Structures are given as structure tokens and as C-alpha cells.
1. Would a scan of the stretch 227-240 turn up a residue that is under 22 Å from Ser301 (Cβ atoms) and of a type outside the set (Gly, Ala, Ser)?
2. For residues that are among the polar types (S, T, N, Q), part of a helix (DSSP H, G or I) and in contact with an Asp or Glu (Cβ under 6 Å, 6 or more places away or on another chain), tally how many sit in the stretch 157-187.
3. Restrict the check to the stretch 421-429 and report whether at least one residue is touching a residue at least 60 places away in the same chain (Cβ under 8 Å) and charged (D, E, K, R).
4. What's the total number of residues in the stretch 84-141 that are outside any helix (DSSP H, G or I), without any contact (Cβ under 8 Å) to a residue 60 or more places away in the chain and more than 29 Å from Lys235 (Cβ to Cβ)?
5. Somewhere in the stretch 363-376, is a residue farther than 19 Å from Gly469 by Cβ, touching a Leu at 6+ places or on another chain (Cβ under 7 Å) and modelled with pLDDT under 80?
6. Can you name the residue in the stretch 414-443 that is among the aliphatic types (A, V, I, L, M) and loosely packed, with under 15 Cβ neighbours inside 10 Å and, of all such residues, is farthest from Ile138 (Cα to Cα)?
7. Take the stretch 21-73 and flag every residue that is under 19 Å from Leu115 (Cα atoms), modelled with pLDDT under 85 and among the β-branched types (Val, Ile, Thr).
8. Inside the stretch 287-313, can you point out the residues that are farther than 27 Å from Leu191 by Cβ and crowded, with 23+ Cβ neighbours inside 10 Å?
Amino acid sequence: MTSVWYNDKNLYYIQILKETGMTEYKTTWREKIFYGVGATGLDLSYGMFYSFLSYYLSSVLGLKEGFLLLLTPIARIWDGINDPMMGTIVDNTRTKFGKYRPWIVIGAVCNAVVLWLLFTKFGMSGTGLYIYIGVMYILWGMTNTMADIPYWSMVPSFTSDPKDRNLVSTVARTFSGLGQGIITVATPIILPLLSKGTDEYVTDKGYSASGFSKWAGICAILLVAFSVICVLSTKEKNVVYGEKTKFSFKKIFSVVAHNDQLVVFMIFAMLSNAGWYLTSGTTVYYFSDVLGKPTAQSAFSMVGAIGSVAGLFVIPILSKWLNKKQIYQVSLIATFIGYILMYITGPVLKNTTALSICYIISSTGIASMFVSQTIFLADIVDYGEYKNGERNESITFSMKGFLQKMAYTIQTIFLFGGLAIVNYSDQVNNGRVFNDTTKSAIGLICFGIPAILIAVSFVVFTKKFKLHGELADKVHDHIVGKRNSEKEQ
């Protein structure tokens with residue numbers, strides 16, 4: 001290789017890549033699939049928390065909306081400390097089993113235990129129940145972070161090849177969607193079966209606290225099993241170990257502040273994710289309290305699963321003609337159109353069949369959106385090294401978990417704020433007879449507000465996100481050239 005030093009290190013690394021002709025490692029399908037299995041386990045817990053916890057707390061346990069509105073911001077304040085702290089811990093990890101895999105298992109076991117505890121009230125009531133739920137709620141976020149950050153941070157460690165990395169992310173998101181699908185489709189069917197024979201309070205839809213506890217226990221066992229399978233079947237091939245650093249807010253703020261594309265990502269992803277969380281968290285209210293057909297939610301979710309599968313093929317197909325930015329824009333547009341049609345066919349026209357068909361459109365866009373976000377984050381890690389000379393993988397990916405929890409906070413504000421305005425809890429305690437105002441509010445929260453959030457997210461993304469096209473190519477060539485240079489030394 002010609003020994004030439006360029007004033008621009010980026011050009012130097014690109015020249016190394018061209019002259020050595022060194023190739024990049026590509027993952028096998030076995031690795032991709034078993035890595036994805038881990039996502040299924042994580043999303044069983046995720047789905048229970050984000051799609052059914054709100055209903056469990058407000059409609060089954062009868063907790064006041066004001067408590068839930070207060071609890072979520074408190075939890076998010078702690079997450080603002082805990083998530084980047086966990087990212088720093090993972091970045092500093094050095095074991096013979098790898099940098100990420102040990103934490104995936106540890107986090108999965110802890111999160112599984114807390115998930116079951118969160119949905120098990122042990123006969124408590126009154127102030128004791130409120131305190132217990134508050135503690136478990138915060139612990140769920142902490143333990144989820146322990147598994148989620150190292151899991152998604154592993155994506156760049158498999159390969160630096162853009163196409164292979166995209167495929168790894170797509171497969172992982174496919175299995176992630178499977179986990180969500182299991183929860184949304186199976187829960188309305190399984191809960192009444194698990195609630196039979198209990199002496200405790202059972203809602204008119206057949207849901208009980210003991211039913212939720214049993215179902216959460218099953219999901220917890222599967223979470224651990226799938227995480228172990230994932231860890232035993234994958235290897236970290238492309239891990240970059242930097243110098244060990246101590247956790248400090250100054251470091252976290254520095255990583256975020258000096259990576260402009262990370263800041264932009266956090267804003268547009270938080271808005272779009274909040275829209276999706278509103279739908280996933282309010283659907284159970286819509287089908288149970290507005291339509292009075294809780295089992296219809298399973299059919300609705302199953303139809304949405306078809307769109308989710310279709311969405312996973314959007315990126316490979318459209319990538320032949322469009323770049324990453326354009327594909328993401330198409331995904332958001334499809335999601336927005338789907339939401340508008342769902343609001344018209346559902347709350348306005350009250351046509352459940354048409355509502356489900358329209359859900360295919362939005363779920364296709366959402367699935368593609370989530371895959372793109374994972375790809376963007378892996379690229380943002382590389383961009384941080386390209387721009388600032390530091391990767392900070394786990395800290396960067398911890399922002400994904402934090403923004404998702406902030407998106408859930410937005411969901412909570414709209415959901416419980418809206419329910420409080422229409423006095424939902426009073427109607428629950430008075431025979432579960434809901435007036436037209438309450439039903440209209442639930443429909444708006446479920447399908448109307450998400451469309452607005454998606455539209456705002458589209459504007460932010462289109463105007464501010466630059467990591468695509470020529471810049472993305474420069475970043476990739478820089479990283480690969482740098483790795484090959486390091487191997488030769």
C-alpha cells in the first residue's frame with residue numbers, strides 16, 4: 001500500500017480502503033435470525049408495558065388518572081439519568097463473552113421479574129398499591145434499559161457493510177414486530193381465559209388482575225428464554241473498544257450536543273413514536289369502551305400485522321430507486337394517510353371493517369419507519385466517529401431508549417389528560433357506562449392526534465436530517481478505511 005498521509009484523515013482512510021481492497025464481514029442468516037429472536041423477547045415485555053399497562057392500571061385496578069399523569073414525568077426524570085448511565089456502563093464493559101451480550105441476559109432476567117411484579121398486585125389496595133405501582137413502574141424502565149441498550153447497540157458490532165447492516169436491522173425489526181403482534185393479538189383472547197374462576201373483580205370484558213399477572217408471567221419466561229437463545233447464537237465481530245470513561249452529565253451532553261444528527265433524530269423519532277404509542281396504548285380503550293367489542297381488537301391487530309410484514313419489504317424494494325431519506329419520507333406519508341383514513345372510517349363513520357383495512361396502510365408505514373430509525377442510529381454512531389473522533393455507541397443508542405420513553409410520556413399526557421378531562425374514572429366506577437363525549441375523546445386520542453404528530457415529525461425530518469446520500473457515503477468510507485488501517489498497524 002502506498003504510504004501517503006492526507007491532511008484530511010477522511011481521505012486517508014478512504015484511500016486505504018481503495019488500495020487494500022479489503023472486504024467487510026457479513027453476517028450469516030443464522031446470526032440474523034437468532035439475533036432477531038432476542039427482539040421478540042424484548043418486545044413481549046415492551047408490548048405489555050406500552051399497550052396494556054395503562055388499561056390495567058386505570059380500568060382494572062381503578063387508579064386515578066392524576067396519579068398516572070404525575071408518575072410518568074417522575075419516571076422520565078430518572079430515565080434521563082439512568083439511560084445514559086447504562087450506556088456508559090456498557091461502553092466500559094470488557095468480558096470474554098463480549099461487550100453487549102452479558103448485559104442482554106442480565107437485563108432480560110431483571111426485566112422479566114419486574115414485568116411480572118408490575119402486573120401482580122398481591123392483594124394490595126389504597127396508598128400501599130399506589131406506592132407499589134410507582135416503584136415497579138420505575139424499576140421496569142430501569143431494567144428494560146439494561147437489556148434494550150446493549151441489544152440495539154450490537155447492530156454496528158456485527159458489520160460495517162451498509163447493506164448487511166440494513167438487513168440485520170430489518171430482520172431484528174421483523175422479530176420485534178412479531179413480539180408486539182403476539183401481545184396485541186393474543187392478549188384480548190388469552191386474558192378472559194386466564195381470568196376464569198377468580199373471585200376478584202372481573203371487568204365486563206372478562207379482564208382481571210390475576211389474568212394480567214398470569215399472562216405477564218408467561219411473557220416474562222419467554223423474554224428470558226429468547227434472550228438466552230439470542231446471546232448463545234451471535235458473536236460480536238466488529239467491536240470497537242475505546243478508553244474507559246466515568247459517567248458524567250458533561251460527557252453525555254457533549255456527545256449529544258456535538259452530534260447534530262443525533263439531536264435531530266431524537267426530535268423527529270420522539271414525535272412519530274409518540275403517535276404510534278398513542279394508538280397502541282389507546283386501542284384497548286377504543287375496542288373495549290367505545291365499541292364494546294374487546295375481541296375485535298385481536299382481528300384489528302392481526303390485520304395490522306399484515307401491514308407490519310409488508311412494511312419490512314419496503315426498504316429493500318424502494319432502496320433500488322430511493323435513498324434512505326426518501327424511503328423514510330414515504331413511510332411517514334403512508335402512516336399519515338393511514339391515520340387520516342382510520343379516523344374517518346372509525347370514530348366518524350364507525351365502520352370497523354374499513355377501519356381495519358386502513359390500518360394496513362399505517363402499519364406498513366410504521367414498520368418501515370422503525371426499521372429506518374434503527375439504521376439511522378447505527379449511521380449516527382459512525383457519523384459521531386467521523387465528525388468527533390469518538391463512537392460512543394451505547395451512549396448514542398441509550399438516547400433511543402430515552403426518546404422512546406419520552407414518546408411514551410407524550411402518550412401518557414394526551415391519554416390520561418384526555419381521560420381526566422372527560423371524567424373517565426368516574427364512569428368506570430359507575431357501571432362502566434361511557435357517554436358520547438368520552439367515546440369521541442378516545443377516538444380522537446387513538447387516531448386523530450397521532451396523525452398530527454406524524455405530520456410534525458415529517459417536517460422536522462425533511463428540513464433537518466442530512467445523513468444520507470453523499471454525506472452517508474463519506475462517513476461509511478471513512479469508517480471502513482479507518483478499521484482497515486487499524487488492522488494493518
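1. Checked the stretch 227-240: no residue is under 22 Å from Ser301 (Cβ atoms) and of a type outside the set (Gly, Ala, Ser).
2. 3
3. no
4. Of the residues in that region, 4 qualify.
5. no
6. Val433
7. The one that is under 19 Å from Leu115 (Cα atoms), modelled with pLDDT under 85 and among the β-branched types (Val, Ile, Thr): Thr72.
8. Correct list: Gly311 only.
The values are calculated or read from the model by the stated rules, or taken from the named source; none is laboratory data. If you're wondering where the values come from, they're calculated on a predicted model, not measured in any experiment. A quick note on method: Cβ atoms are made from the backbone with ideal geometry, for glycine too, and the neighbour counts reach across all protein chains shown.
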